[in-house]
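Quick note: the coordinates plus some simple rules give every number you see, no bench work behind them. Everything numeric in this text was worked out from a predicted model, so none of it was measured. With ideal geometry, Cβ positions are generated from the backbone for all residues, glycine too; neighbour counts draw on all protein chains shown.
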Amino acid sequence: MRRWLRRALKAGAVCAALALGGWVALDRWVAATELPPLDVPLSVTVEDRGGRLLRAYTVADGRWRLPVSLAEVDRGYVAQLVAYEDKRFYDHSGVDFLALVRAAWQAAVNGRVVSGASTLTMQVARLLEEGPTGDVGGKIRQIRVALALERRLSKDEILALYLRLAPYGGNLEGVRAASLSWFGKEPRRLTPAEAALLVALPQAPEGRRPDRHHAAAKAARDRVLDRVAEAGALAADEAAAAKVEAVPRATRPFPMLAPHLADRAVAEAPGEGVVRLTLDGHVQARLEDLLRDRARQMDPSLSAAVLVVDHRTGEVVASLGSPDLFDTRRRGFVDMTRAVRSPGSTLKPLIYGLGFEMGLAHPEMMIEDRPMSFGAYAPTNFDNIYRGLVPVRRALQLSLNIPAVAVLDSVGPAHLVARMKRAGAAPQLPPGEAPGLAIGLGGIGVTLRELVALYAAMARGGEAVVLRDRADAPLATGAPVLSPVAAWYIGDILVGAPPPAGAAQKGIAYKTGTSYGHRDAWAVGFDGRHAIGVWIGRPDAAASPGMIGIDMAAPILFEAFGRLKPKPEPLAPPPGEALTVSNPELPAPLRRFRGAGEIILSDHAEPEIAFPPDGARVEIGAGGALVVKVRDGAPPFTWLIDGRPVEAFPWDREVSWMPPGPGFVSISVIDARGDAARARVFVE
């Protein structure tokens, strides 16, 4: 008995030593494992301010492998995954030896593989190395790497790797790419049926692809539902209901919102995996739908762009460079928010604002709208109609050209350009050319971004704000573009401009513009919080006859405000220094615009009475009328006979007068500049 006991103890000691030696050897073997790189390349993603995916890019080999964390995945999916794939995941150290023994026994008894023994950690090891699934050598390598991974990483970190690397058919890798592609949504909230399908697909990603093998995909999903229900990870009634849910038959496109801005942001941030922008993805999507819809109603060669800015912060809320990135006829690949174009009449508010700031003008001041020339420059109104003496407010609302150029002549074109630069613009002129009066009507190059930044400054009381696309960019302001009073005057005038036909929104301060040759149609406006700009035209700058801002761009501007918010926010109240009185109550110098320099009329010659000539005797007979005509001068004209006004239309160059009888008559005519002509004739 003692001899047997001594032998048993000796044998036990030998076994223990062998076991210990084996364990030490195994420990050293695992410790010496060279792990594959754990930082696998992930798709670069662009997100909006709230983390919503705007756009993603494939990794270098063309696969969709999006970043995702365990916290960003539905808990029900994780529970199903563990219950189906590796129910002892949280208990083993990388290898489930019980499952290995079971699998080996079943294979020996049945002569074939009945069940697998790969843990989630082993699957991660295979995915990291893209190793084989069936051969013994590959399986041993997976075991070694799995044991090493468990020493290096936490269970949650291992799960996170699986969530990024698991294959789902085609070039889809990771649960986020799969959820977006098969269900069109992030994996934060999945139905039990959706979760089960995502658990089933990695087992045979090509053989179970729902778009190619729909029946196989549904059968695999239902098997997952049955097993997780048996394991208690899902209630039986939930599993039964989930089986009724349809399996998708096609993939969905990945989000591609704000593609122009996303491309630029990624190019400017090399090496960043996640680029977060200031955009609001929901607003961006709504406006992209709007612009695509309106583009269908346009000439197919016309493109369009929209920019929405929060003028309190300078954050770009939405940026649409074209209606469709892939529309080659419209050259949709060109970002027209940054293209340099002629602004048409959209600079007029700044011109008048400078006039207000410099004390040269007031909204209720009267100003002449009549043919004028400014040296060699002789502008005309867009409609070739002249309205005589009008309030500055009305001149801006009607976008009259002559009054705007007259104010710019007093303000100075260089001053206008300097203020544009304060707003962040980089206005472009022909090489070697100094700013001239033509810039007031569009003879200068600006971008939509620059124009919206200018209006944003006017909206925020004249203070410039730097537009920013990146969510991590700090708020930055610039030098004042206008005084607070001048900026308020502009907003008060523009909010009173008649809206385009059929516009539902009210309370938007806006201005339209059409460039020379109908190459660009603009509408830019603001309320108490946002500024929006719309551009329409051909990217190649060719003319589009009949295209004008009020008809084409303005309706889109008002619809954009409608899709941005239920109703516009009110403009700021007037500053205390604002002079809100009628014209007669203004100080005398502000009642009528005179201009800083001499204005030369386009009909520059002084008026001359063409008939009857001075000293003539005119025989008209009893009951006849005296017809008097004037040449040269500039209308409107004031006629006097014997010092008394003659009733006549002031733009006509002849009048008829009934003399009371024969005798000498003194005739006088005064033109718009104040020049006069006189004639004394004898009527018989």
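The sum of -39500 (n - 2.57) across all DSSP H runs of n ≥ 4, divided by the residue count of the chain, sets its helix-only mean residue ellipticity at 222 nm to -11000 deg cm²/dmol.
Think of each Lys and Arg Cβ as +1 and each Asp and Glu Cβ as -1; about the Cα centre, that makes the dipole of segment 236-276 roughly 160 debye. With contacts taken as Cα pairs under 8 Å at a separation of at least 6 residues, segment 603-683 carries a relative contact order of 39 percent.
By how many degrees, 0 to 90 and rounded to 10, does the Cα axis of helix 155-165 deviate from the longest principal axis of the chain? The angle comes out near 60 degrees. Per the Debye calculation on segment 379-519 with a single equal scatterer at every Cα and no solvent contribution, log₁₀ I(q)/I(0) for q = 0.11, 0.13, 0.21 Å⁻¹ amounts to -0.46, -0.65, -1.58.
Backbone phi angles across segment 390-396, fed through the Karplus curve with coefficients 6.51, -1.76 and 1.60 (θ = phi - 60°), yield HN-Hα couplings of 9, x, 4, 3, 5, 4, 6 Hz in residue order; Gly and Pro are listed as x. Annotation for Glu569 and Asp551: the two label points, set 7 Å from Cα along the Cα-Cβ direction, are 3.5 nm apart. The value of relative contact order for the chain, using C-alpha pairs under 8 Å at least six residues apart, is 10 percent. Over every Cα atom in the chain, the radius of gyration and the widest Cα-Cα span, Dmax, amount to 39.8, 169 Å.
Annotation note: trypsin sites (Lys or Arg not before Pro) in segment 505-582 located in DSSP loop regions with a Cβ neighbour count of at most 13 within 10 Å are Lys506. Exposure here means at most 12 other Cβ atoms within 10 Å; with chymotrypsin sites (Phe, Trp or Tyr not before Pro) in a DSSP loop as sites, the longest stretch of the chain lacking them is 327-650. Dipole of the chain computed with +1 at Lys/Arg Cβ and -1 at Asp/Glu Cβ about the Cα centre; of Val59, Ala304, Ser544, farthest Cα towards the positive end is Val59. Between the amide H of Gly478 and those of Ala464, Val465, Val466, distances stay under 5 Å, these residues lying 5 or more places away or on another chain, with hydrogens modeled in the peptide plane.
Scalar couplings 3J(HN,Hα) for segment 323-335, obtained by applying the Karplus form with A = 6.51, B = -1.76, C = 1.60 to θ = phi - 60°, are x, 7, 4, 9, 7, 5, 5, 7, 6, x, 6, 8, 7 Hz; x denotes Gly and Pro. Across segment 488-493, computed HN-Hα scalar couplings (Karplus, 6.51 cos²θ - 1.76 cosθ + 1.60, θ = phi - 60°) run 5, 3, 4, x, 5, 6 Hz from first to last residue, x flagging Gly and Pro.
Near Ile620, the amide H atoms lying under 5 Å from its own belong to Glu684; only residues 5 or more places off or on other chains count, and H is placed 1.01 Å from N.
Show the residues, 5+ positions off or on another chain, whose built amide H is closer than 5 Å to the amide H of Arg519. HN-HN under 5 Å from Arg519: Ser544. When Rg and Dmax are taken over the Cα atoms of segment 424-484, they come to 13.5, 41 Å.
Here is the list for segment 194-266: trypsin sites (Lys or Arg not before Pro) lying in DSSP coil, each with at most 12 other C-beta atoms within 10 angstrom of its C-beta, are Arg249.
Considering only Val199, Ala219, Gly184, the residue lying farthest towards the positive end of the dipole of segment 173-244 is Gly184, judged by Cα position with unit charges set on Cβ.
Among the trypsin sites (Lys or Arg not before Pro) in segment 318-363, those located in a DSSP loop and surrounded by at most 13 other Cβ atoms within 10 Å of their own Cβ are Arg329. How far is helix 214-230 tilted off the main Cα axis of the chain, in degrees rounded to 10, range 0 to 90? That works out to roughly 60 degrees. I need the shape label for segment 123-276. Rule: rounded when a/c is under 1.5, else prolate if a/b > b/c, else oblate, with a, b, c from the alpha carbon gyration tensor. Oblate, because a/c is 1.5 or more while a/b does not exceed b/c. Charged neighbours of Lys506, selected by a Cβ distance under 15 Å, balance to -2 (K, R count +1; D, E count -1). In the chain, the longest principal axis of the Cα atoms and the axis of helix 348-357 are about 70 degrees apart.
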